[in-house]
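Student: Sending over a structure as structure tokens; questions will come in a sec.
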Amino acid sequence: MTGEGGKRWLARKTWIDAAYDPKMRALAFQALLALVLVFLFVEVVRNTAANLEKQNIASGFDFLARTAGFDISQTLVPYTSKSTYARAFFVGLSNTLLVAVLGIALATVLGFALGIARGSPNWLASRLALAYVEVVRNVPLLLQLLVWYVAVLRALPMPQGALALPGGAFLDTRGLHLPRLVVENGGGLVAAVIGLSLIGAAWLWRRRRARADEPADPVDVVGRGLVVLLPVLAVLLALKATLATPQLGRFNYEDGLSIEPEFLALLIGLSTYTAAFIAEIVRAGLDGVPKGQREAAAALGLSRRQALRFVILPQALRIIIPPLTNQYLNLTKNSSLAVAIGYPDLVSVFSGTVLNQTGQAVEVILITMAVYLAISLATALLMNWFNVRTAWAER
Amino acid sequence: MRATSSFLCTLSFLSALLLGASPVVAQSSTLEAVKKRGQLVCGVNTGLAGFGAPDDKGNWTGLDIDFCRAVAAAIFGDGTRVRFVPLNAKERFTALQTGEVDILSRNTTWTMSRDTSLGLNFVGILYFDGQAFMVRKSLGLKSADELKGASICVQSGTTNELNLADFFATRGLTYRPVVYERLVEVLGAYANGRCDAFTTDSSQLIAERTRLTDPEEHVMLPDLVSKEPLGPAVRQGDAQWSNIVRWTLFAIINAEELGVTQSNVEAQRSSSNPEIRRLLGTEGEYGKGLGLADDWAVSILSAVGNYGESFERNLGQGSPLKIARGRNALWKDGGLMYAPPVR
Ligand SMILES: N[C@@H](CCC(=O)N[C@@H](CS)C(=O)NCC(=O)O)C(=O)O
């Protein structure tokens, strides 16, 4: 064969080889699939836009910059009816995150306590925990939210007959009214000092953890508390901070910090419900640690508490964390039931009011779905990271 | 649960759009579709006395309901060939856009943005309303300006939610909005004392007040804070259908003006008044232009009577609400009801 023809033959041979090579073939198919998906996506977007256009329905994302025109009862970010729809979106998002983060914290504490109580040798404690789990787990969440909201919080007295709580707080059918810290200027300074002292306390805590074999030292606990409290108090005094206590106005308690009953009902409902599931996960995790570990801990002279704290729980966490992540995701998604009790979360503000006032269903639903996806992925990533860390720490 | 159904409704709308099958083919005739189905599908309130509510036997009644029956009568000569789809404030426009209903006749305010960006058109005004506030009598309030700092219940997705914000913003007053998606929740919250005031269109406040356990303990403040022209809407792009719905409205108003009623309509067909003769199809071929029979208006009037009759039966002296005609009287009587002539 001549050189030229040989080369061509070779080239063809490699091409054919490639076609038979399973790796190359898989790659080609995947590329093809990706192309088809991209094409479909582009086609769907194009088609949707065309259909909306044909029906004379406004489309696009310009609406986000327009004035919203409605008010929202609870706003963590500054918002008035003159703010934009984009701002309203952030109000809804921050409300969702607030209830989710606090709900996760409460559900975790309550869930761990219940789960540990379930395995406790104390008969009453373990029975009570079992009863809680069985009742709460088996009643639909929506129903529980309505019970908290309508039956419990609505039954509270009107503002004129509000229950006075210690510390100048009041509880009535319009919510919980707390004294509010008023700092004329220098709110940023207060926040910075609180942050710094928290970091200091965390550092102390870590240092103590390094000596975890020693029993808790009460002086140390107090010390940690002081590290946070003292600087904050000092700064507050220096800035002449005052407490604004709630005062009964013509209709409502004013001046204080009011926590709406919609938020309270959602927070209590979500965390007590999820705690029941977490309790089961914790119990299963504790049961999953081999019995020998308990016995070994006892043989070393550790008390039941110490064994739990230093031997059993760290190992159980490895079993607990993956299903716990699921519960956190559930709680976050369940928070969208807020719409049933009027809490202004992302779903009720954005895919409720904004969707209705603008009529831009496609855009609003897409954004909402993307947000829930992002929150879920972020939670999962965080928990995976934590999972890897605890798995490593245990060995 | 309604929240779910509203979500499903939106979802079906989305999938229809995404899959390319235009959910309602704008070019195709709604009239043909309705005739083929043998039934008109009308989007109405979930339960608002006087406008649209099922009675204990499940029969729908109200001004908005009568209007649906009137359109059905114009098409089929039979006012019972209607299916009613109850819709809350949030669901209503999507239901019309997707073609789930042929007409939206649900105490809906005609506003510019709704008319121009939702792919629908309002055909006229069936009731001239305005937004008001209801409060407990015991508060002793004289005007809405005294509501500074009050908690106020309102339904989301309504014009009322927007007017409320405007009202307080223009006066530089604060208030606490308490917003729900469904009317029962709004009313329940107000009744339980979650709110100091409940705001919506005044006719709706009058109707909702009768549902409270102690109606006498509640009063409406005198302020009307907005214009709420309520009327039926249809999808954009089907001019014939718009015409049918619009002229059904004009027919019941003109009939009242001409003294044609449910009971005398047959006799009036041989009236010597040319205006009546044209309206009732004795003279001319006015139905043809709509794609209907020439006695279309006779069918409407035999089914539901004229505007005044429907008003009195549902909202006025013949009803528990006892709302005065006021702005909704005929133009001849000092009101705003006015319809172009049939000629
Ligand atoms: N006219 C106003 C308000 C209409 C409206 O939805 N009113 C409420 C409050 S009375 C209602 O009828 N709700 C009944 C429901 O959602 O089923 C509008 O068009 O936005």
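Student: Starting from the eigenvalues of the Cα gyration tensor, five times each then square-rooted, give me the equivalent ellipsoid semi-axes of the protein assembly as shown, largest first, whole Å. Present the calculation step by step, with values, prior to reporting the outcome.
Tutor: Details: eigenvalues 671, 307, 105 Å².
Semi-axes, largest first: 58, 39, 23 Å.
Student: Can you bin region A:275-395 into rounded, prolate or oblate? Criterion: square roots of the alpha carbon gyration tensor eigenvalues sorted a ≥ b ≥ c, rounded for a/c under 1.5, prolate for a/b above b/c, oblate for the rest. Kindly include the intermediate steps, with their values, before the conclusion.
Tutor: On the way: a/c = 5.05, a/b = 2.95, b/c = 1.71.
Prolate, since a/c reaches 1.5 and a/b exceeds b/c.
Student: Starting from the 7 Å offset along Cα-to-Cβ, what nm value, one decimal, do you get for the label separation of residue A:76 and residue A:101?
Tutor: Placing both labels 7 Å along Cα→Cβ, they lie 0.5 nm apart.
Student: Right, another one. So for region B:131-226, averaging the separation of alpha carbon pairs under 8 Å that are six or more residues apart and normalising by length, what relative contact order in percent results?
Tutor: Rounded, it is 49 percent for region B:131-226.
Student: Quick check: Cα centre of region B:231-291 to Cα centre of region B:299-339, how many Å?
Tutor: Spelled out, the Cα-based centre of one part sits 16 Å from the other.
Student: So what is Rg over Rh here for chain B, counting just Cα atoms and using Kirkwood for Rh?
Tutor: 0.98
Student: Only Cα pairs within less than 10 Å get springs; with that Gaussian network setup on chain A, which residue of A:14, A:353, A:325 has the largest fluctuation?
Tutor: For chain A, modelled as a Gaussian network with Cα springs under 10 Å, the answer is A:14.
Student: Which of the aspartates and glutamates could a cross-linker span from residue B:332 if the Cα-Cα distance has to be under 13 Å and same-chain partners fewer than 8 positions apart are dropped?
Tutor: Here the aspartates and glutamates satisfying the reach criterion relative to residue B:332 are B:256, B:257.
Student: Hey, another quick one. Can you give the FRET efficiency for residue A:303 and residue A:377, using 1/(1 + (r/R0)^6), R0 = 35 Å, r = Cβ-Cβ distance, to the nearest 0.05?
Tutor: 0.25
Student: Right, another one. Using 7 Å Cα-to-Cβ label points, what is the residue A:151/residue A:248 separation (nm, one decimal)?
Tutor: Taking the simple label geometry, residue A:151 and residue A:248 are separated by 2.9 nm.
Student: When the Kirkwood hydrodynamic radius is evaluated over all pairs of different C-alpha atoms of region B:131-226, what value in angstrom, to one decimal, is obtained? Could the numbers behind the result be given before it?
Tutor: Details: mean 1/r = 0.0769 Å⁻¹.
Radius from the Kirkwood sum: 13.0 Å.
Student: Region A:226-262: which residues show an accessible-area loss of 20 Å² or more, assembly versus chain alone, 1.4 Å probe?
Tutor: So the qualifying set is A:250, A:251, A:252, A:254, A:260, A:262.
Student: So, one more: For region A:27-112, what number results from the quotient of the Cα radius of gyration and 2.2 N^0.38 Å?
Tutor: Against the empirical 2.2 N^0.38 Å value, I get 1.74 for region A:27-112.
Student: For chain B, what is the mean residue ellipticity at 222 nm derived from helices alone (per DSSP H run of n ≥ 4: -39500 (n - 2.57); sum divided by total residues; nearest 500 deg cm²/dmol)?
Tutor: Working: 13 runs with 128 residues, N = 343.
One gets -11000 deg cm²/dmol as the mean residue ellipticity at 222 nm.
Student: In whole Hz, what ³J(HN,Hα) sequence does region A:378-384 give by Karplus (6.51, -1.76, 1.60; θ = phi - 60°), x for Gly and Pro?
Tutor: Going residue by residue, I get 4, 4, 4, 4, 4, 5, 4 Hz, with x marking Gly and Pro.
Student: Can you tell me the order of B:177-184, A:130-137, A:79-86, B:91-98 when each peptide is scored by its average per-residue count of other Cβ atoms within 10 angstrom, highest first? Show your work: numbers first, answer last.
Tutor: Details: B:177-184: 21.8, A:130-137: 15.0, A:79-86: 16.9, B:91-98: 24.0.
For the peptides B:177-184, A:130-137, A:79-86, B:91-98, the packing ranking is B:91-98, B:177-184, A:79-86, A:130-137.
Student: Efficiency by 1/(1 + (r/R0)^6): what FRET value for residue B:184 and residue A:191, r their Cβ-Cβ distance, R0 = 45 Å, to the nearest 0.05?
Tutor: Calculated value: 0.60.
Student: Would you mind computing, in nm to one decimal, how far apart the modelled labels at residue A:203 and residue B:263 are, each placed 7 Å from Cα along Cα→Cβ?
Tutor: 9.4 nm
Student: Same structure, new question: Could you give me the ³J(HN,Hα) list for region A:51-64, computed from phi with Karplus coefficients 6.51, -1.76, 1.60 and θ = phi - 60°, whole Hz, x at Gly and Pro?
Tutor: Along region A:51-64, the couplings run 5, 5, 4, 4, 8, 6, 9, 4, 9, x, 9, 4, 4, 4 Hz.
Student: Taking amide H atoms as placed 1.01 Å from N in the peptide plane, list the residues 5 or more away in sequence, or in a different chain, whose amide H sits under 5 Å from that of residue A:84.
Tutor: A:68
Student: In deg cm²/dmol, rounded to 500, what helix-only [θ] at 222 nm does chain A give when every DSSP H run of at least 4 residues adds -39500 (n - 2.57) and the total is split over its residues? Spell out each step's value before the answer.
Tutor: On the way: 12 runs with 246 residues, N = 395.
Helix-only estimate at 222 nm: -21500 deg cm²/dmol.
Student: With 31 Å as the limit, write out which pairs from A:82/B:322; A:54/B:35; B:137/B:322 have Cα-Cα distances beyond it, or answer none.
Tutor: Numbers: A:82/B:322 39 Å; A:54/B:35 24 Å; B:137/B:322 20 Å.
From A:82/B:322; A:54/B:35; B:137/B:322, over 31 Å: A:82/B:322.
Student: Which value, in Å², gives the accessible area per residue of the protein assembly as shown when a 1.4 Å probe is used on the protein heavy atoms?
Tutor: Numbers: 34980 Å² over 738 residues.
That works out to 47 Å² per residue.
Student: Chains B and A: what accessible area do they bury, summed, in square angstrom to the nearest 100, with a 1.4 Å probe?
Tutor: Result for this pair: about 4000 Å² buried.
Student: Something else: Enumerate the amide H contacts of residue B:130 below 5 Å, restricted to partners 5 or more residues apart or on another chain; note that Pro and chain-start residues carry no placed amide H.
Tutor: Those qualifying (amide H under 5 Å, at least 5 residues apart or on another chain) are B:202, B:203, B:228.
Student: Which residues of region A:342-363 bury at least 50 Å² of accessible area once all protein chains are present, versus their chain alone (1.4 Å probe)?
Tutor: The answer is A:356, A:357 - residues whose exposure falls by at least 50 Å² when every protein chain is included.
Student: Over 23 Å, how big is the tail of the calculated P(r) for region B:49-199, in percent of all Cα pairs?
Tutor: More than 23 Å apart: 47 percent of the Cα pairs in region B:49-199.
Student: Let me ask something else. Considering protein heavy atoms only and a 1.4 Å probe radius, which residues within region B:204-237 exhibit an accessible-area decrease of no less than 20 Å² in the full assembly relative to the chain by itself?
Tutor: B:236
Student: Given H placed on each backbone N at 1.01 Å, which residues far from residue B:53 in sequence or on other chains put an amide H within less than 5 Å of it?
Tutor: Amide H neighbours of residue B:53, under 5 Å, 5+ apart: B:48, B:61.
Student: Let me ask something else. Residue-wise, which Karplus ³J(HN,Hα) couplings in Hz belong to region B:116-121, taking 6.51 cos²θ - 1.76 cosθ + 1.60, θ = phi - 60°, and x for glycine or proline?
Tutor: Those phi angles translate into 10, 10, 9, x, 9, 9 Hz.
Student: Quick check on region B:241-280: take the gyration tensor over C-alpha atoms, sort the square-rooted eigenvalues as a ≥ b ≥ c, and tell me if it's rounded (a/c under 1.5), prolate or oblate.
Tutor: prolate
Student: Springs between alpha-carbon atoms under 10 Å, Gaussian network over chain A: tell me which of A:371, A:232, A:101 tops the mean-square fluctuations.
Tutor: A:232
Student: Here's another thing I want to ask about it. Where a ≥ b ≥ c are the square roots of the eigenvalues of the C-alpha gyration tensor, would you call chain A rounded, which needs a/c under 1.5, or, failing that, prolate if a/b is larger than b/c, or oblate?
Tutor: The shape class here is oblate.
Student: Multiply the residue gap between residue A:240 and residue A:296 by 0.36 nm, knock off their C-alpha separation, and tell me the result in nm, one decimal place.
Tutor: Contour length minus Cα-Cα distance gives 14.5 nm.
Student: Carbon and sulfur together cover what percent of the accessible area of the protein assembly as shown at a 1.4 Å probe radius?
Tutor: So the carbon and sulfur contribution to the accessible surface is 63 percent.
The values are calculated or read from the model by the stated rules, or taken from the named source; none is laboratory data. This is a predicted model, so every value here is computed, not measured. So basically every Cβ, Gly included, is an ideal-geometry build from the backbone, and we count neighbours across all protein chains shown. Each accessible area value is taken on the protein alone, full model and side chains, heavy atoms only, with ligands, DNA and RNA left out. Shrake-Rupley method; radii C 1.70, N 1.55, O 1.52, S 1.80 Å.
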